[in-house]
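The values are calculated or read from the model by the stated rules, or taken from the named source; none is laboratory data. Fair warning: this is a prediction, and the values are worked out from it, not measured in the lab. Here the Cβ is made from the backbone with ideal geometry for all residues, glycine too, and neighbour counts use every protein chain on show. The protein model used for the area step is the full one, side chains on, heavy atoms only, and it has no ligands, DNA or RNA in it. Shrake-Rupley method; radii C 1.70, N 1.55, O 1.52, S 1.80 Å.
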Amino acid sequence: MTTKIVIIDDHQLFREGVKRILDFEKTFTVVAEGDDGSEALELYEKHNPDVVIMDINMPNTNGVDATRQLVDEFPDSKVIILSIHDDENYVSHALKSGALGYLLKEMDADALVQAVKVVADGGSYLHPKVTHNLVSEFRRLASENQVGSGYQQPEIRRPLHLLTRRECEVLQLLADGKSNRGIGEALYISEKTVKNHVSNILQKMNVNDRTQAVVLGIKNGWVEVR
């Protein structure tokens, strides 16, 4: 099946670059482009895309407001926000608006393609660096809320009843915010092997995406935020 995509970004060169990457995927079709969030509703209604890729900073209607309007009007719409900001406040606002994905513009081509596939299937996808920042903020807030209540950090233990030693290493590196390429370089394995490990981790942990795997790993004391 073909995944129909709309791209909305006010920087034409960047938009063309994103389109060029997506056009390499045989199952992807970019059906329309726009340069402001104010066009989101019209383009969605006209083309009924599977995924909308939306820049967060645009001159008239920004990506967060446009996403909120789009999701309110079309609850089944699936939006990936593009941003230069890795601050958790930006990410939080984007996710609260209804976006299912958040990518930094420093992403590589593989991350973009993977994000579109995951979001089109109904999952969520966050840039690894963003995931790490969000998890770090989650742990900081949890620690502050537990001050004086006898709270102790969970002992870091490995889920060897569930994952192999190598999968435990990959899960820790996911929590560190590493991309597939970064994990491969750290463990001296290929990106294809990393993808296989990540797929096995998601299946064994019964989660839909990397972010859920990291959060579950932290809750269970299987990884540490460093």
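Observations, loosely collected:
- Length-normalised contact order of the chain in % [C-alpha pairs under 8 Å, at least 6 apart]: 14 percent
- If you bin all the Cα-Cα distances of the chain at 5 Å, starting from zero, the percentages per bin are 1, 7, 14, 18, 18, 15, 12, 8, 5, 2, 1, 0.
- Lys78 long-range amide H proximity, modeled H, under 5 Å: Val52
- Placing unit charges on the Cβ atoms only, positive for Lys and Arg and negative for Asp and Glu, gives the chain a dipole magnitude near 1260 debye about its Cα centre.
- The lysines within cross-link reach of Lys129, meaning a Cα-to-Cα straight distance under 17 Å and a gap of 8 or more places when in the same chain, are Lys105, Lys178.
- Largest to smallest in accessible area, the residues His11, His161, His127 fall in the order His161, His11, His127 (1.4 Å probe, all protein chains included).
- All C-alpha pair distances within region 62-136, sorted into 5 Å bins from zero, spread as 3, 18, 29, 26, 18, 6, 1 percent across the bins.
- Share of carbon and sulfur in the accessible area of region 3-134 stands at 45%, probe radius 1.4 Å.
- Normalised by 2.2 N^0.38 Å, where N is the number of residues, the C-alpha radius of gyration of region 165-220 stands at 1.00.
- Partner lysines whose Cα lies under 17 Å from the Cα of Lys26, excluding those fewer than 8 positions away in the same chain, are identified as Lys4, Lys117.
- Arg181 - accessible surface, heavy atoms, 1.4 Å probe, Å² rounded to 10: 110 Å²
- Probe 1.4 Å, protein heavy atoms only - accessible area per residue of the chain in square angstrom: 53 Å²
- With R₀ set to 25 Å, the beta-carbon distance separating His47 from Ser199 gives a calculated FRET efficiency near 0.20.
- A Förster distance of 22 Å, applied to the separation of the beta-carbon atoms of Asn60 and Asp87, puts the FRET efficiency at 0.45.
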